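Take a look at the structure below.
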Amino acid sequence: MARILAIDYGRKRVGLAVTDPMQIIANGLDTVAAKDLLDYLEKYMASEEVELFVVGYPKQLNNEDSESMKYLKPFLGKLKKKFPDTPIEMVDERFTSKIAFQTMIDGGLKKKQRQDKAMIDKVSATIILQSYMETKRNLF
């Protein structure tokens, strides 16, 4: 099996998470500058098989698209153009940053470590991926 790669897209930084090849466990992969993301993915996918991108879908509490969608849509177009054979699925990302922060507290990270926005982005991507995997398991 190939990996599933999750993307928590932000204007400045992008958190990435990936499954193991058997698609059992989600792990944080990296945090990359948004401007470098496509090059990073190209290098990663040259050495690892990725069957699906799972991208965080920014929504408001009323279920409408959030302001962030205006930044995400152009990226999605570039992603589809760069990797036309890799499907993209969107996953609701509401509350992932808050959950990531709480997870870091529960995991015993010190205050200084919890202030690392790159770490929060990577943990958020992992939560998005884990959420996708759990939803997928519950359907089958």
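The values are calculated or read from the model by the stated rules, or taken from the named source; none is laboratory data. Everything quoted here is computed from the prediction, not taken from an experiment. FYI the Cβ positions are ideal-geometry reconstructions off the backbone, even for glycines, and counts take in every protein chain you see. Remember, those area values only see protein heavy atoms, side chains included, never the ligands or the DNA or RNA. Shrake-Rupley method; radii C 1.70, N 1.55, O 1.52, S 1.80 Å.
Here Asp36, Asp85 are screened, and the one residue that is of a type outside the set (Phe, Trp, Tyr), part of a helix (DSSP H, G or I), open to solvent by 20 Å² or more (accessible area, probe 1.4 Å) and at pLDDT 95 or above is Asp36. Please tell me if Leu29 is modelled with pLDDT of 95 or more, under 17 Å from Arg11 (Cα atoms) and surrounded by 16 or more Cβ atoms within 10 Å (Cβ to Cβ). Criteria not met by Leu29. Flag set for Asn62, criterion: of a type outside the set (A, V, I, L, M), in a loop (DSSP other than H, G, I, E, B) and more than 17 Å from Lys80 (Cα to Cα).
Can you spot a residue in region 54-62 that is open to solvent by 20 Å² or more (accessible area, probe 1.4 Å) and either at pLDDT 95 or above or of a type in the set (A, V, I, L, M, F, W, C) (or both)? Looking through region 54-62, at least one residue is open to solvent by 20 Å² or more (accessible area, probe 1.4 Å) and either at pLDDT 95 or above or of a type in the set (A, V, I, L, M, F, W, C) (or both).
If you check Ala6, Ala46, Ala17, which single one turns out to be under 17 Å from Asp85 (Cα atoms), out of contact with any Pro (no Cβ under 8 Å at 6 or more places or on another chain) and in contact (Cβ under 8 Å) with a residue 60 or more places away in the chain? Exactly one of Ala6, Ala46, Ala17 is under 17 Å from Asp85 (Cα atoms), out of contact with any Pro (no Cβ under 8 Å at 6 or more places or on another chain) and in contact (Cβ under 8 Å) with a residue 60 or more places away in the chain, namely Ala6. Here Glu67 fulfils each of the conditions (1) in a helix (DSSP H, G or I); (2) at pLDDT 70 or above; (3) surrounded by fewer than 16 Cβ atoms within 10 Å (Cβ to Cβ) apart from (1). Of everything in region 1-15 that is open to solvent by 10 Å² or more (accessible area, probe 1.4 Å) and assigned to a strand (DSSP E or B), the residue that is farthest from Asp36 (Cα to Cα) is Arg3.
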